[in-house]
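The values are calculated or read from the model by the stated rules, or taken from the named source; none is laboratory data. Bear in mind that the values here come from a model prediction, so they are computed numbers and not experimental data. A quick note on method: Cβ atoms are made from the backbone with ideal geometry, for glycine too, and the neighbour counts reach across all protein chains shown.
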Amino acid sequence: MDLIVKHARPVAAPETLVDIGVEAGRIVAIGPGLAGDSEVYDAGGRLACAGLVETHIHLDKSRIIDRCPLPEGRRVNPVTIVAPLKAAMSVEDIYARAETTLKECLVNGATRMRTQVEIDPAIGLRGFAAIRALAKAYKWAIDIEPCVFPQDGLTNYPGTEELLVEALKAGAPVLGAAPRYDSDPTVQIDRIFALAREYDVDLDLHLDVGDSTEHMDIRRVLELTEQYRRGGRVVVGHMAKLSLMPPAQSAAMARRLAGAGIAVTVLPATDLYLMGRDRDHDVRRGVADANHLHEHGVTCSLSSNNILNPATPYGDCSLIRIANLHANILQVVGAVRLRELFLMLSEHSARLLNLTDYGLAVGNPADIVVIDAATPEQAVAEIRPPLAVWKRGRRTVTRQPPVLHTPSP
Ligand SMILES: [Zn+2]
């Protein structure tokens, strides 16, 4: 063996201590008392998982908050703030900002990622080119899957669909959408489903952010997912409007989503920041309850969405912090639910992305993250950091715990 990670607590069974044996980039053994002439890392009874999975992050428009005017009044439309900046974004500019954000994701334990990439006549395919180059350059540390989508509308923005098709023909594996910003949301959804069928790609749509449940795009997405039998290949992000429904109603919707095979990514930082802007007091939180969705059978992930831009002006790329934020917003208590939230950064996220080789199991790539916690629930409750990360058996991150210099007596 090349490496043995000793005394680790796997997320699936943190009450047991195991050693993880790695050879030629893969996990070859898991059990107690592994020995061999190999490099040894002593996890010291800490939690280990196969890496955190960022399922929804806009690397291409991260770190632009300093270029944006401050919003006037309570209403904020991040899309109209960002749109005028796009023409001036070069491939080099996008790459540099995305790279800085990606490095933060890496030190916070991400080993897999789906990143949303905007495509339209203003940005052209420059974002796609930058992210593809970045994915190639950082293959040693993370697997990145781009999801191309129209942020500023499809039916109302001539030239966008042609560019999306170009990206799909160039190998983009996932297609997204943002029907809310289209003059005809339903037609955008229909076109996106048609393209997904034509190019045989998975779908990951931004859906249902707003102040009322009167109109919900999820209804059309449910119809088309069932009609075209796309179950298991459709993800919807945000779903903030679920937070406006009484529990019985959101439970019924959750069961429909689960039945149709539609997974949900909850984006707590963005929705907490953007929802409830119609009110100047008693502001609603506006974040869908991932534990509630999970309870009714929906595959859920929690993700960052944006970092340092008008949709989310804050963030350090810590997914564990996002799970903690969700726990605070949704008033989550108890070890069982906190553990579920950790799984929505790892195992469940991997399922949502249809990753078939994720997890601490013999035969899988040796993606291993040791976190400074004894249990997943402690990691979420205390926002415990990752201390060491391996990608395909190679060490990619080392993080030292801080030292307190106690005076001698
Ligand atoms: Zn997004």
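At negative phi and surrounded by 19 or more Cβ atoms within 10 Å (Cβ to Cβ): does that describe THR213? Answer is no for this residue.
GLU166 meets each of the listed conditions (1) surrounded by fewer than 22 Cβ atoms within 10 Å (Cβ to Cβ); (2) under 20 Å from ASP184 (Cβ atoms) apart from (2). Restricting LEU242, LEU222 to residues that are surrounded by 24 or more Cβ atoms within 10 Å (Cβ to Cβ), in a helix (DSSP H, G or I) and touching a Leu at 6+ places or on another chain (Cβ under 9 Å) narrows the list to LEU242. Would you say GLY45 is more than 26 Å from the chain's Cα centre (by Cα) and either farther than 24 Å from VAL236 by Cα or of a type outside the set (Phe, Trp, Tyr) (or both)? The answer is yes for GLY45. Looking for something surrounded by fewer than 18 Cβ atoms within 10 Å (Cβ to Cβ) and of a type in the set (Ser, Thr, Tyr) - is there at least one such residue anywhere in the range 125-143? No: the range 125-143 contains no residue that is surrounded by fewer than 18 Cβ atoms within 10 Å (Cβ to Cβ) and of a type in the set (Ser, Thr, Tyr). For LEU355, the test of being modelled with pLDDT of 95 or more and either within 22 Å of VAL209 (Cα to Cα) or buried (at least 23 other Cβ atoms within 10 Å of the Cβ) (or both) is failed. Checked against the criterion of being among the hydrophobic types (A, V, I, L, M, F, W, C), crowded, with 24+ Cβ neighbours inside 10 Å and in contact (Cβ under 8 Å) with a residue 60 or more places away in the chain, the candidates ALA83, ALA110 yield just one match: ALA110. Listed by first and then second residue, the pairs linking a residue in the range 394-409 that is without any contact (Cβ under 8 Å) to a residue 60 or more places away in the chain to a residue that is of a type outside the set (Val, Ile, Thr) and in a strand (DSSP E or B), with Cβ atoms under 6 Å apart and 6 or more places separating them unless they lie on different chains, are THR398/ALA388.
In the range 196-214, which residue that is of a type in the set (D, E, K, R) and within 16 Å of the ligand (Cβ to nearest atom) is nearest to PRO179 (Cα to Cα)?
ASP208
Residues of the range 330-350 that are surrounded by fewer than 18 Cβ atoms within 10 Å (Cβ to Cβ) and farther than 15 Å from ALA379 by Cα: GLN331 alone. Only one of the numbered conditions (1) in contact with a Lys or Arg (Cβ under 7 Å, 6 or more places away or on another chain); (2) within 16 Å of the ligand (Cβ to nearest atom) is not met by TYR181, and that is (1). Among the helices (runs of 4 or more DSSP H) lying completely within the range 261-344, list those that include at least 2 residues that are at pLDDT 95 or above, within 27 Å of LYS61 (Cβ to Cβ) and within 16 Å of the ligand (Cβ to nearest atom). Those helices (runs of 4 or more DSSP H) span 268-274, 319-329. Checked against (1) of a type in the set (D, E, K, R); (2) crowded, with 22+ Cβ neighbours inside 10 Å; (3) closer than 25 Å to THR186 by Cβ, LYS61 meets all criteria but (3). For the range 152-172, a residue qualifies if it is farther than 20 Å from LYS61 by Cα and in contact with a strand residue (DSSP E or B) (Cβ under 7 Å, 6 or more places away or on another chain), and exactly one does: LEU168.
Can we say ALA35 is at pLDDT below 95, surrounded by fewer than 23 Cβ atoms within 10 Å (Cβ to Cβ) and in contact with a strand residue (DSSP E or B) (Cβ under 8 Å, 6 or more places away or on another chain)? Yes: the conditions hold for ALA35.
The strands (runs of 3 or more DSSP E) falling completely within the range 1-87 that include 1 or more residues that are more than 23 Å from ARG339 (Cβ to Cβ) and within 16 Å of the ligand (Cβ to nearest atom) map to 52-57.
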